[in-house]
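Engineer: Could you have a look at this structure, given as structure tokens, before my questions?
The values are calculated or read from the model by the stated rules, or taken from the named source; none is laboratory data. It should be emphasised that the depicted structure is a prediction, and the values quoted were computed from it without experimental measurement. FYI the Cβ positions are ideal-geometry reconstructions off the backbone, even for glycines, and counts take in every protein chain you see. Accessible surface areas use protein heavy atoms only, side chains included; no ligands, DNA or RNA. Shrake-Rupley method; radii C 1.70, N 1.55, O 1.52, S 1.80 Å.
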Amino acid sequence: MDSEVTQVDIELPGKHESSTPLGSKFQKPRAKIQLHFEQGDDVWELETPIRVARVLIKDPVRIPCSYDDYLNALRNYEQKSAVSYIGEMLSRRDCSTKECRDKLQQIGFRVDTSEMAVNRCIELGLLDDKRFSTVFIESRKRRGWGKRKIELELRNKGISVDAIEGYPDAFFDADDDLDRCRTLLDRKTVPEKNPRDKLIRFLVSKGFDYRIAADAVREKLSQD
């Protein structure tokens, strides 16, 4: 478009504006940007995440400018904001690339912007699924999770266990699993009715193999 942008109006969504479906989750409402041009009465509307719109309100793109220049400036704002948001996420806890990508899209970033930001953070060493996997597995083991539950949660976070070097032997050992089952049982009151079945179900729900769970329960009940 040859005509220059001469006025920009930014509208933030209202408090009660609803989110829109995004796969199995929802995307938050986006801010609207209205571009007015030097020639004609046309008004072009763009959408952007709320956090980007707030930055634009404080530090607006200099106008007049061409539509292409404004759009390029907007995309630059979005990319920087997306990278910054990943940094904020990682300051609270380590995350997988899928978690970051999904969260960016949920708060309103476009797919290509989300992908670019994730790739940039990978280049910077901020995101690393291998490192995340190792930390996640060890932390969940300390919480008393078994192998199966950990694998399920890793899949939910976009991590394939086939891609984890040395998995599962480098992370799981039958004797260690049995010890962790013992620790969980030490903290649990033995039910009066059907104690064996109930305690085994408890351990299996934590992700432990049935055979190991049964061994730990048999040992627990024999001691009691």
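Engineer: In nm, what is the difference between 0.36 nm times the number of residues separating residue 44 and residue 194 and their Cα-Cα distance?
Structural biologist: Full extension from residue 44 to residue 194 adds 47.1 nm.
Engineer: For residue 27, list long-range residues whose amide hydrogen, built 1.01 Å from N in the peptide plane, is under 5 Å from its own amide hydrogen.
Structural biologist: Answer set, sorted by chain and number: 20, 22.
Engineer: Something else now. May I ask which residue of 118, 83, 106 lies farthest towards the positive end of the charge dipole of region 81-131, with charges of +1 (Lys, Arg) and -1 (Asp, Glu) on Cβ and the Cα centre as origin?
Structural biologist: Going by the charge dipole, the pick is 106.
Engineer: Obtain the radius of gyration and the Kirkwood radius of region 59-105 from its C-alpha atoms and give Rg over Rh.
Structural biologist: My calculation puts Rg/Rh at 1.16.
Engineer: Which value, in debye to the nearest 20, describes the size of the charge dipole of the chain about its Cα centre when Lys and Arg Cβ atoms bear +1, Asp and Glu Cβ atoms bear -1, and nothing else is charged?
Structural biologist: With only Lys, Arg, Asp and Glu charged at Cβ, the dipole is about 1600 debye.
Engineer: Continuing with this model, one more query. Kindly give the semi-axes, whole Å and largest first, of the ellipsoid equivalent to the chain, taking each as the square root of 5 times a Cα gyration tensor eigenvalue.
Structural biologist: Each semi-axis is the square root of five times an eigenvalue, giving 53, 18, 12 Å.
Engineer: So what's the convex hull volume per residue for the Cα atoms of region 78-202, in Å³?
Structural biologist: Spread over its residues, the Cα hull of region 78-202 gives 131 Å³ apiece.
Engineer: With θ set to phi - 60°, apply the Karplus curve 6.51 cos²θ - 1.76 cosθ + 1.60 along region 95-104 and write out the HN-Hα couplings as whole Hz, x wherever there is a Gly or Pro.
Structural biologist: Couplings: 9, 7, 4, 5, 4, 5, 4, 5, 5, 4 Hz.
Engineer: Each residue of region 208-224 in order: what ³J(HN,Hα) in whole Hz does its phi give by Karplus 6.51 cos²θ - 1.76 cosθ + 1.60, θ = phi - 60°, with x for Gly and Pro?
Structural biologist: Rounded to whole hertz, the list is 8, 4, 4, 4, 5, 4, 5, 4, 5, 5, 4, 5, 4, 5, 5, 5, 5.
Engineer: What's the longest piece of the chain with no exposed trypsin sites (Lys or Arg not before Pro), counting a site as exposed if DSSP puts it in a loop and it has at most 14 other beta carbons within 10 Å?
Structural biologist: Between the exposed loop sites, the longest stretch runs 94-142.
Engineer: At R0 = 35 Å, how high is the FRET efficiency between residue 12 and residue 183 if r is their beta carbon distance? Nearest 0.05 is fine.
Structural biologist: 0.10
Engineer: Whenever you get a sec, compute what percent of the accessible area on region 31-139 sits on carbon and sulfur atoms (1.4 Å probe).
Structural biologist: 49
Engineer: Using amide H atoms built in the peptide plane, which far-off residues or other-chain residues are under 5 Å from residue 65 H to H?
Structural biologist: So residue 65 has HN proximity to 5.
Engineer: Could you state the principal axis extents of the C-alpha atoms in region 1-126, from the largest down, to the nearest angstrom?
Structural biologist: The Cα atoms of region 1-126 stretch 49, 34, 24 Å along the principal axes, largest first.
Engineer: I'd like the Karplus ³J(HN,Hα) series for region 51-61: coefficients 6.51, -1.76, 1.60, θ = phi - 60°, whole numbers in Hz, and an x wherever there's a Gly or Pro.
Structural biologist: 5, 6, 4, 5, 5, 5, 5, 7, 10, x, 5
Engineer: Per residue, how much accessible area does region 133-216 have with a 1.4 Å probe, in Å²?
Structural biologist: That works out to 59 Å² for each residue.
Engineer: Right, here's the next one. Take the alpha-carbon centre of region 70-128, take the same for region 180-224, and report the distance between them in whole Å.
Structural biologist: Measuring centre to centre over Cα atoms gives 43 Å.
Engineer: Which FRET efficiency, nearest 0.05, do residue 27 and residue 201 yield, Cβ-Cβ r, R0 30 Å?
Structural biologist: Taking R0 as 30 Å, the efficiency between residue 27 and residue 201 is 0.20.
Engineer: Follow-up. As a test question: what accessible area, to the nearest 10 Å², does residue 136 have when a 1.4 Å probe is rolled over all protein chains in place?
Structural biologist: 10
Engineer: Quick one: if you stick a label point 7 Å off each Cα along the C-beta vector at residue 58 and residue 153, how many nm between them?
Structural biologist: According to this spin-label approximation, the distance is 3.5 nm.
Engineer: I would also like to ask the following. Once every DSSP H run of n ≥ 4 in the chain is given -39500 (n - 2.57) and the sum is divided by its residues, what mean residue ellipticity at 222 nm do you get, rounded to the nearest 500 deg cm²/dmol?
Structural biologist: Taken over the chain, the calculation gives -17000 deg cm²/dmol.
Engineer: With N set to the residue count of region 165-211, report its C-alpha Rg divided by 2.2 N^0.38 Å to two decimal places.
Structural biologist: 1.31
Engineer: Once the dipole of the chain is set up with Lys and Arg at +1 and Asp and Glu at -1 on Cβ about the Cα centre, which of 134, 181, 167 lies farthest towards its positive end?
Structural biologist: Of 134, 181, 167, it is 181.
Engineer: If each of residue 123 and residue 143 carries a label point 7 Å out from its Cα toward its Cβ, how far apart are those two points in nm?
Structural biologist: It works out to 3.3 nm between the two label points.
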